[in-house]
Amino acid sequence: MKSCGTCCSSAPSQTAWPLVVVVIVVAFEAAVLAASALWLTAYQLLGHRPHDPLDAWLVVIFAAAGAVALGLVWRGVRRHRRWARSPAVLTQLLTIPVGVNACADGVWWVGVPLLACGALGLIGLFAPSTTHAFVDD
């Protein structure tokens with residue numbers, strides 16, 4: 001049976017669900033970093049005077065740079081680019097100790113989502129179907 005190639009395709013989707021989870025997790029992490037950079041900028045511009053303004057602005061710069069970098073990783077993972085897998089794995093590995101420390105310091109509303117993103121991201125990145133998607137393309 002032939003299909004028109006748009007809405008009535010009879011072929012199953014080529015993207016496995018673990019890869020979809022990874023794409024969502026990396027996009028979420030990039031968006032949260034971008035939002036935190038914007039929030040910290042607004043916080044400082046609206047009158048907050050940190051102890052060390054240089055440090056505060058460096059945090060904003062690093063958060064913005066991280067958001068851009070994760071956005072590029074998200075784009076690479078979404079397009080099944082091999083180079084994107086390593087930075088995606090590294091990001092997920094970094095979220096786990098940060099999430100554990102946040103939970104230990106009583107900031108569970110930050111730590112639990114970090115741990116969930118790290119675990120879901122690693123599970124998705126090391127799933128056999130994800131490996132095949134990166135190797136076959």
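The values are calculated or read from the model by the stated rules, or taken from the named source; none is laboratory data. None of these values were measured; they are calculated from a predicted model. Note that each Cβ is placed from the backbone with ideal geometry, even for glycine, and that neighbours are counted across all protein chains shown. Just so you know, the surface numbers come from the protein's heavy atoms only, side chains and all, with ligands and any DNA or RNA stripped out. Shrake-Rupley method; radii C 1.70, N 1.55, O 1.52, S 1.80 Å.
Test of understanding: among Leu90, Leu70, Leu115, Leu122, which residue is within 27 Å of Ala16 (Cα to Cα), touching a residue at least 24 places away in the same chain (Cβ under 8 Å) and open to solvent by 20 Å² or more (accessible area, probe 1.4 Å)?
Details: Leu90 fails: touching a residue at least 24 places away in the same chain (Cβ under 8 Å); Leu70 fails: open to solvent by 20 Å² or more (accessible area, probe 1.4 Å); Leu115 fails: touching a residue at least 24 places away in the same chain (Cβ under 8 Å).
So the residue among Leu90, Leu70, Leu115, Leu122 that is within 27 Å of Ala16 (Cα to Cα), touching a residue at least 24 places away in the same chain (Cβ under 8 Å) and open to solvent by 20 Å² or more (accessible area, probe 1.4 Å) is Leu122.
Please state which one of Arg82, Arg75 is under 21 Å from Asp136 (Cα atoms), open to solvent by 100 Å² or more (accessible area, probe 1.4 Å) and at pLDDT 95 or above.
Arg75
Given (1) more than 17 Å from Leu33 (Cβ to Cβ); (2) modelled with pLDDT under 95; (3) open to solvent by 40 Å² or more (accessible area, probe 1.4 Å), where does Val59 come up short, assuming only one miss?
(1)
Filter the stretch 125-137 down to the residues that are outside any helix (DSSP H, G or I) and of a type outside the set (Asp, Glu), then identify the one that is most open to solvent (accessible area, probe 1.4 Å).
Phe126
So, in the stretch 16-35, exactly how many residues are of a type outside the set (A, V, I, L, M) and open to solvent by 40 Å² or more (accessible area, probe 1.4 Å)?
Final tally of qualifying residues: 2.
Quick one: is Leu115 closer than 19 Å to Ala31 by Cα, assigned to a helix (DSSP H, G or I), in contact with an Asp or Glu (Cβ under 6 Å, 6 or more places away or on another chain) and of a type in the set (A, V, I, L, M, F, W, C)?
Working: closer than 19 Å to Ala31 by Cα: yes; assigned to a helix (DSSP H, G or I): yes; in contact with an Asp or Glu (Cβ under 6 Å, 6 or more places away or on another chain): no; of a type in the set (A, V, I, L, M, F, W, C): yes.
It is false that Leu115 is closer than 19 Å to Ala31 by Cα, assigned to a helix (DSSP H, G or I), in contact with an Asp or Glu (Cβ under 6 Å, 6 or more places away or on another chain) and of a type in the set (A, V, I, L, M, F, W, C).
What is the one condition in (1) at pLDDT 95 or above; (2) exposed (fewer than 13 other Cβ atoms within 10 Å of the Cβ); (3) more than 30 Å from Ala16 (Cβ to Cβ) that Pro97 does not satisfy?
So Pro97 meets the others, but not (3).
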